[in-house]
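Enquirer: The following block contains the structure, expressed as structure tokens.
The values are calculated or read from the model by the stated rules, or taken from the named source; none is laboratory data. All values reported here derive from a predicted model rather than from experimental measurement. Cβ placement follows ideal geometry from the backbone for every residue including glycine, while neighbour counts extend to all protein chains displayed. Surface areas here come from the heavy atoms of the whole protein model, side chains and all, with no ligands, DNA or RNA. Shrake-Rupley method; radii C 1.70, N 1.55, O 1.52, S 1.80 Å.
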Amino acid sequence: MERLHMSYTYPELPTPAVIVDLDIVERNIARLAAKLKAQGIAHRPHIKSTKSVYFARKQLEAGAIGITVAKLSEAEVFAEAGIDSILVAYPIIGEDKLERFARLHLKANMLATVDSVQGALGLSRVGETTGKPVQVLIEIDGGLNRGGRQPGEDAVSFAREIAVLPGIHIRGIMGYFGTIYGNKDEASFRAAVRRESETMQAVKTSLLEAGIGVDIVSTGSSPAALLCEELSGVSEVRAGNYILFDVSGVAMGFATEEDCALRVVATVVSTPLPGRATIDAGTKTLTSDKAHNRDGFGIVVGRPELRITGLNEEHGFLQFDPETASLAVGDRIEIIPNHSCVIPNLCDRINGVRGGQVERTIPVDARGCNY
């Protein structure tokens, strides 16, 4: 029987239980590592998807050059675990943040991103105080308008302004082109990746002409990384979701159910009406995030006739045709969530499984590290 149609119930686990299929994770890691190696692009995976030292080490063993984090608290956890090369892909603003970054800066090989003079001045003070220049990437706005300098003269003039600061060293540029998720077919995804690449190449050329060195061009969501043959001139990518995948990845065509490593095992706790069932997993387990290009709140593995139509905090609501399908109180189902990256941060540990058996308990080391 193909894994696509197979759902295990793991009777030893209390539900709702979060599981990760280790065979699938290892395959996902190996596949992307091989694709990137073939294109000569380095990988600095974003660990917000798992927040787990165990999985980060698996990615490093497969050739990743370091990791990317969103917040300093994540960096603190992973640096303490001995991971040495860490990019903080978030503005470091405020004296409390700068003090914490300074401690990390002395402990590990840190990269910081910057898109404001205020942020650059703070990092420069860290470099001067510690006697160790802070390595920075200038963030380029990839279209979401959530941060970053605008491609063109804005980025160049900003680079010139901060290049004279004594405590920082500009290493290159970083961009996140999150608008890519609005595409619906392979051709449009590929075109978006080419535009991403062209934008970053144009910024690099402008900076080099202005006398600003650019060693690193960092970009790439999971879709862009998976289409890395279109990423001309990019030196590293920061894919995160690819390690687990989810309903969004399936709906966008980047994954099948077989590629989705993270699942939630849930129990039917009520059948209030024909064609209706309630499970013990709600937003506190599955997240309320919607999927790209798909309705509902998850895929029930091996049971396409079952639809998860709504969630409360502790309840999930299923609908089905009672003439062709059935569920009974006590039944267990396995669910692929809409957005896997949210799930690890909702639990202290996840269950690593292989071949239908629980192999290990994996701590979510950076759970709640959002500050």
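Enquirer: Under 12 Å between alpha carbons: how many lysine pairs meet that in the chain, if sequence neighbours fewer than 8 apart on the same chain are excluded?
Expert: Here the count comes out as 4.
Enquirer: log10 I(q)/I(0), Debye, Cα-only segment 157-308, no solvent, q = 0.17 Å⁻¹?
Expert: These q points yield log10 I(q)/I(0) values of -0.98.
Enquirer: Now for a separate question. Using the alpha carbons of the chain, what is the convex hull volume per residue in cubic angstrom, as a whole number?
Expert: Hull volume normalised by residue count: 131 Å³.
Enquirer: To the nearest 10 degrees, how steeply does helix 153-163 sit against the main Cα axis of the chain, on a 0 to 90 scale?
Expert: Helix 153-163 sits roughly 70 degrees off the main axis of the chain.
Enquirer: Still on this structure, I have one more. What percentage of all Cα-Cα pairs in segment 82-201 are separated by more than 25 Å?
Expert: Percent of Cα pairs beyond 25 Å in segment 82-201: 29.
Enquirer: Where the centre of each part is set by its Cα atoms, how far does segment 76-109 sit from segment 4-69, in angstrom?
Expert: Measuring centre to centre over Cα atoms gives 23 Å.
Enquirer: For segment 269-371, just list the percent of Cα-Cα distances falling in each 10 Å bin from zero outward, please.
Expert: 14, 41, 33, 10, 1, 0
Enquirer: While we're looking at this one, here's another question. Which sequence of 289, 295 reflects their accessible areas, 1.4 Å probe, from the largest down?
Expert: 295, 289
Enquirer: Related question: Taking 22 Å as R0, compute the FRET efficiency from the Cβ-Cβ separation of residue 201 and residue 160 and round it to 0.05.
Expert: It comes out at approximately 0.65.
Enquirer: What's the angle, to the nearest 10 degrees (0 to 90), between helix 186-209's Cα axis and the longest principal axis of the chain?
Expert: 20
Enquirer: Beyond 19 Å, what percent of the Cα pairs of segment 132-236 remain?
Expert: Percent of Cα pairs beyond 19 Å in segment 132-236: 41.
Enquirer: How much of residue 10 can a 1.4 Å solvent probe reach, expressed as accessible area in Å² and rounded to 10?
Expert: Looks like 10 Å² after rounding.
Enquirer: Further question on the same structure: For the chain, what is the percent of antiparallel DSSP beta bridges, rounded to the nearest 5?
Expert: 45
Enquirer: Next up: Tell me the GluC sites (Glu not before Pro) within segment 292-364 that lie in a loop according to DSSP and have at most 10 other beta-carbon atoms within 10 Å.
Expert: When the GluC sites (Glu not before Pro) of segment 292-364 are filtered for loop state and at most 10 Cβ neighbours within 10 Å, 313, 323 remain.
Enquirer: When the expected Rg is taken as 2.2 N^0.38 Å, what fraction or multiple of it is the alpha-carbon Rg of segment 182-254?
Expert: After normalising by residue count via 2.2 N^0.38 Å, the value is 1.23.
Enquirer: Please report how far the C-alpha centroid of segment 123-155 lies from that of segment 219-265, rounded to the nearest whole angstrom.
Expert: If we compute the Cα centre of each part, the gap is 26 Å.
Enquirer: Could you calculate the contour length gain from residue 208 to residue 130, that is, 0.36 nm times the residue separation minus the distance between their Cα atoms, to one decimal place in nm?
Expert: 25.2 nm
Enquirer: Between 0 and 90 degrees, rounded to the nearest ten: what's the tilt of helix 117-130 against the longest Cα principal axis of the chain?
Expert: Approximately 80 degrees, to the nearest 10.
Enquirer: When the solvent-accessible surface of protein heavy atoms is calculated with a 1.4 angstrom probe, in what order do 226, 106 fall, highest first?
Expert: 106, 226
Enquirer: Can you tell me the Rg and the Dmax, both Å, for the Cα atoms in segment 38-80?
Expert: Both quantities, over Cα of segment 38-80: 10.5, 34 Å.
Enquirer: Label-point separation (nm) for residue 73 and residue 95, each offset 7 Å from Cα along Cα-to-Cβ?
Expert: With each label placed 7 Å out from Cα toward Cβ, I get 2.2 nm.
Enquirer: Translational diffusion coefficient of segment 1-144 at 37 °C, 0.692 mPa s, Stokes-Einstein with Kirkwood Rh over Cα pairs, in µm²/s as a whole number.
Expert: Here the translational diffusion coefficient equals 189 µm²/s.
Enquirer: Please give the calculated 222 nm ellipticity per residue for the chain, where each DSSP H segment of at least 4 residues contributes -39500 (n - 2.57) and the sum is spread over every residue; nearest 500 deg cm²/dmol?
Expert: Value at 222 nm, helices only: -9500 deg cm²/dmol.
Enquirer: Could you put 58, 37, 284, 290 in order of accessible surface area, largest first, with the 1.4 Å probe and the full protein assembly present?
Expert: 37, 290, 284, 58
Enquirer: Quick check: pseudo-label points 7 Å beyond the Cα along Cα→Cβ at residue 313 and residue 348, how many nm apart are they?
Expert: Going by the 7 Å Cα→Cβ label model, 1.9 nm.
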